[in-house]
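Data block below; observations after.
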Amino acid sequence: MEQIKQAAVIGGGVIGAGWVARLIENGIQVRIYDPDPTAPHKLAAVLGNSRHAYSKLTMAPRRPEAHFEFTADLASAVQAAEWIVEAVPERLDLKQAIYREIEQAASPRAVIASSTSGILPTDLQAGLQYPERLLVAHPFNPVYLLPLVELVGGQATAAQTVQRALDFYRSLGMHPLHIKKEIEAFIADRLLEAVWRESLWLVRDGIASTQDVDDAIRYGFGLRWAQMGLFETYRIAGGEAGMRHFMEQFGPCLTWPWTKLTEVPEFNDELVDLIAGQSDAQSGHYSIRELERIRDNNLIAILQALKTYDWGAGKALAAYEKAQYDAAALSSLSGITTRLDKSQPIKTVERTVPTDWTDYNNHMNESRYLQVSSEATDAFMRLLGVDAAYVEAGGSYFTVETHLRHLDEVRALEPIVVTTQVLAGSGKKLHLFNRIQHADGRLLATAEHLLIHVSLKNRSSSLPSAAVASKLTEFAHAHAQLPRPDGAGRAIGG
Ligand SMILES: NC(=O)C1=CN([C@@H]2O[C@H](COP(=O)(O)OP(=O)(O)OC[C@H]3O[C@@H](n4cnc5c(N)ncnc54)[C@H](O)[C@@H]3O)[C@@H](O)[C@H]2O)C=CC1
Ligand SMILES: C[N+](C)(C)CC(=O)CC(=O)[O-]
C-alpha cells in the first residue's frame, strides 16, 4: 500500500489544525500555509488538546509525532507534498483560486482533498489542469478524534484517486464513507442541517431553550445515534416485527405537521441574540478550550466503550489499534535482525507522561508505573514474536508475579524511557526486569515480572512455539552476561 510521508495543509483554522494533528500523530510530515499570523498560536492550542486526547485514546504503541512547519507561501507548502488538504473558508471562488496556485507548484500525482462541508466536487474541479486527482474528504470536528470522513468524487475524479483516498484515510484510523453520487452537503450535513433548522424554530418560537434542545438529544436519542444510527435504532423500535411494523405505525406521522423542515427562520439580529444569549447562559462559564477537553474526554470514553463491543465507531478504533500494534511489531522485528543491540537491556518504551496520569500529589500515580512496565513487557513480547497473529493462533504470556520499586517522581508531559532485561527465559517461564527512567537519566522505578507462557485455548500453561523459544534463548544468553540489576529479587524491606 502507498505510504504517504509528506502532506500539505492549506488553511490552518479549526479543521486544518485538526487535520495537522491527525497527520503528525500518524507519522506524516506536514507543511502548513495560512496567511493569518495568529494561525500558529491557534494550531498550538489544538495540538495541546489532540496530544491530550491521543495519550488517552489507546494503549497501543504510538508512532513518534512527525515534524510540522508553517511556510511563508503556498508553493513551499505543496512542492514536496503527496497529499494536499485544503481547509480554507467555504467559498467556491477562494477554493478554486487556491487550486490554481497549487497546480503551479505541486506534483500532478499529489491528491487534492477538499474539506468542504457541502460544495460539489465537480464545481471545485472546474478549470483544473489535473481534475482527476481532486476529491472531497469531508471530516467532522474534532478531526483528530472522529473517524468519519465522507469521500465524494466529482465527474472528473479518477477511480484510482478514490481508492488511494480510501486506503489513506483508513491508515489514519478513519472510517471513509464513499458517497457514490455527488450531492450538495453530502449525507451527514444534510441530516445535521435538518436537526439544526428544526431546533432554531423551537428556540425562536419559545418552545424550548438551547439547553432543552441539547438535553433532548444527549439524554435520549443522541446516545442511540452514537452507537446505532437511525435505521437500526428504529428497527428495534418496531418490536419483534422490526422495521416493517415501525414504518406502518410511524410512517403516517410524517405527513402530520410535526416539523417545519422546509422553512428556515429569518437570520436577523433578534434570532442571533436569542440563540447566542441562551448559549452563553448555558455554557459561557467554560472557555471553548475547556469545552473541547470535556467533549474530547467524553468522545474517548464512548469510542473505547464501542471498541469493547466491536461496534460502530469502535470498529475503526479497534482496526487502528491493531495496525499500530502490527507496525510496532514490524519495526521491532526488523530491529532484531538489523540494529538491535542484544548485549544491553532493550529499549521497549519511549513516551511522555499523559496529563491525566497524575494524581493529587501532582506526579505520575503509582498505578501508572505498572501500566508503563506492562507496555514495556508487551513490547518485549512482540520482539519475541508474540504479536497479534501469535495471540490469535492461541499463544500468549500471562504475568503471574510482579515486584515494583518506586524510586523517584515524574510529572505530566515529562519524557520517560523503559528498558527491559531478561533475567531468565526458558521453557514456560519468562523473568523480566524493567527499568523506568526519566529521559534525563534518573531511575524512577524498577519492575520485576515473572510470566508464564499459556495456551489461550485451554487457558493453562504451555510451551511457547519453537520460533519464540529460540528468540527468547538468544536474549536470555546475551543478557546473562550483564550484571544482575540492583534490586532484582528483592522483597519489601529486604
Ligand atoms: N468548522 C467545522 O465544523 C467544519 C468545517 N469544514 C470545512 O472546512 C473548511 C475550513 O473551515 P474551518 O476550518 O471551520 O474555517 P476557519 O475559518 O476556522 O479556518 C479557515 C482558515 O483558512 C485560512 N485562509 C483564508 N484564506 C486563505 C488562503 N488564501 N490560503 C490559505 N489559508 C487561508 C484562514 O486564515 C483560516 O485560518 C471549510 O470548507 C468548511 O466548510 C468541514 C467540517 C467541519
Ligand atoms: C457546520 N458544518 C456544516 C461546518 C459542520 C460540518 O461540516 C461537519 C461537522 O463537524 O459537524
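Any read-out appearing in this document is the output of simple, stated calculations on the displayed coordinates, not a laboratory observation. If you're wondering where the values come from, they're calculated on a predicted model, not measured in any experiment. Methodologically, a virtual Cβ is constructed for each residue, glycine included, from the backbone with ideal geometry; neighbour enumeration extends over all protein chains shown.
Using only Cα atoms, find the angle between the long axis of helix 466-480 and the longest principal axis of the chain, and express it within 0 to 90 degrees, rounded to the nearest 10. Result, in degrees: 60.
Please work out the Cα center distance from segment 13-29 to segment 335-398, rounded to the nearest Å. Taking the Cα centre of each part, segment 13-29 and segment 335-398 sit 26 Å apart. Ordering 56-65, 372-381 by mean Cβ neighbour count within 10 Å, with the highest value first, yields 372-381, 56-65. Treating each Cα of segment 407-478 as an identical point scatterer and ignoring solvent, apply the Debye formula and state log10 I(q)/I(0) at q = 0.21 Å⁻¹. Here the Debye-derived log intensity ratios amount to -0.87. Note the angle between two axes, namely the Cα long axis of helix 92-105 and the longest principal axis of the Cα atoms of the chain, as a number of degrees from 0 to 90, rounded to the nearest 10. So the helix axis and the longest Cα principal axis differ by about 50 degrees. Under 8 Å for C-alpha pairs, at least 6 residues apart: give me the relative contact order for the chain, rounded to a whole percent. Reported as a whole number, the value is 10 percent. With 20 Å bins beginning at zero, the pair-distance distribution over Cα atoms of the chain amounts to 19, 46, 29, 6, 0 %. Within segment 35-139, the proportion of Cα pairs with more than 18 Å between them is 57 percent. Amide H contacts of H178 (H built 1.01 Å from N, in plane; Pro and chain starts excluded): L151 sit under 5 Å, all sequence-distant by 5 or more or on other chains. Dividing the summed helix terms, -39500 (n - 2.57) for each DSSP H run of n ≥ 4, by the number of residues in the chain produces a 222 nm estimate of -13500 deg cm²/dmol to the nearest 500.
Kirkwood's formula applied to the C-alpha pairs of segment 340-479 gives a hydrodynamic radius of 15.6 angstrom. Convex hull volume of the Cα atoms of segment 189-285, normalised per residue: 124 Å³.
Can you tell me the 0 to 90 degree angle between the C-alpha axis of helix 366-384 and the longest principal axis of the chain, rounded to 10? Once rounded, one gets 80 degrees. What you get for the chain, charging only the Cβ of Lys and Arg (+1) and of Asp and Glu (-1), is a dipole of about 2240 debye around the Cα centre.
Along the charge dipole of the chain, Cβ charges K/R +1 and D/E -1, which of A110, Y234, V195 sits furthest on the positive end? About the Cα centre, the residue reaching furthest to the positive side is A110.
This model, with +1 at the C-beta of Lys and Arg and -1 at the C-beta of Asp and Glu, gives segment 403-494 a dipole about its Cα centre of some 460 debye.
Structure note, pairs K347/K471; K315/K347; K56/K315; K342/K428; K347/K428; K322/K471: Cα-Cα distances above 26 angstrom occur for K315/K347.
Between L407 and R100, full extension at 0.36 nm per residue minus the direct alpha carbon distance yields a gain of 104.6 nm.
Packing-based ranking of 128-135, 270-277 yields 128-135, 270-277, ordered from highest to lowest mean Cβ neighbour count within 10 Å. Of the three principal axes defined by the Cα atoms of segment 6-186, the extents in descending order read 42, 34, 25 Å. Computed from the Kirkwood radius of its Cα pairs, the Stokes-Einstein diffusion coefficient for segment 1-97 at 37 °C and 0.692 mPa s stands at 237 µm²/s. How many angstrom lie between the Cα centre of segment 410-452 and the Cα centre of segment 102-166? What the calculation gives is 46 Å, centre to centre.
Simple spin-label estimate for E232 and R289 gives 3.7 nm between the two label positions (7 Å along the Cα-to-Cβ direction from each Cα).
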